[in-house]
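The values are calculated or read from the model by the stated rules, or taken from the named source; none is laboratory data. All figures in this text were calculated on a predicted structure; none of them were measured in a lab. Cβ placement follows ideal geometry from the backbone for every residue including glycine, while neighbour counts extend to all protein chains displayed.
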Amino acid sequence: MFEIRDKVENVAENIEGMVKDYYNLSVLKVVDKGSKLGSLFIVTLLIGALGFFTFMFLGMGVAYWIGNALGNIMYGFFIVAGFLLLVLILIAALKGKVIAPFLRNIIIKNIYD
């Protein structure tokens, strides 16, 4: 009788240990995913900020160059602004069918890797 009780207690202790180990493993997986997503967010933010300033200064330089070629600086800025407006309209038109699924796939890939 005591043997059965000892075996049941031993099984209960093993199950309790397995549950604690599974919980700790789950916590470690969540922390790992969170740290990967956090670092990806920070890197993406830095790249985005640097890209923004690069394109801003590049756009100003091109606008100034076109304006000098046309004889009026404002013409260059209006031409560059019109080009950027066309790009904005193109992005807005493609956001639902092309851009959103592409970004969604990247996010899902990063979560499950």
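Is one or more of the residues making up region 59-77 surrounded by 11 or more Cβ atoms within 10 Å (Cβ to Cβ) and under 30 Å from I111 (Cα atoms)?
no
Given K33, K20, K7, K29, which one is in contact (Cβ under 8 Å) with a residue 24 or more places away in the chain, part of a helix (DSSP H, G or I), surrounded by 10 or more Cβ atoms within 10 Å (Cβ to Cβ) and among the basic types (K, R)?
Working: K20 fails: in contact (Cβ under 8 Å) with a residue 24 or more places away in the chain; K7 fails: in contact (Cβ under 8 Å) with a residue 24 or more places away in the chain; K29 fails: in contact (Cβ under 8 Å) with a residue 24 or more places away in the chain.
After applying the criteria, what remains is K33.
Please state which one of G76, G51, G67 is assigned to a helix (DSSP H, G or I) and either out of contact with any helix residue (DSSP H, G or I) (no Cβ under 9 Å at 6 or more places or on another chain) or modelled with pLDDT under 85 (or both).
From the options G76, G51, G67, the qualifying one is G51.
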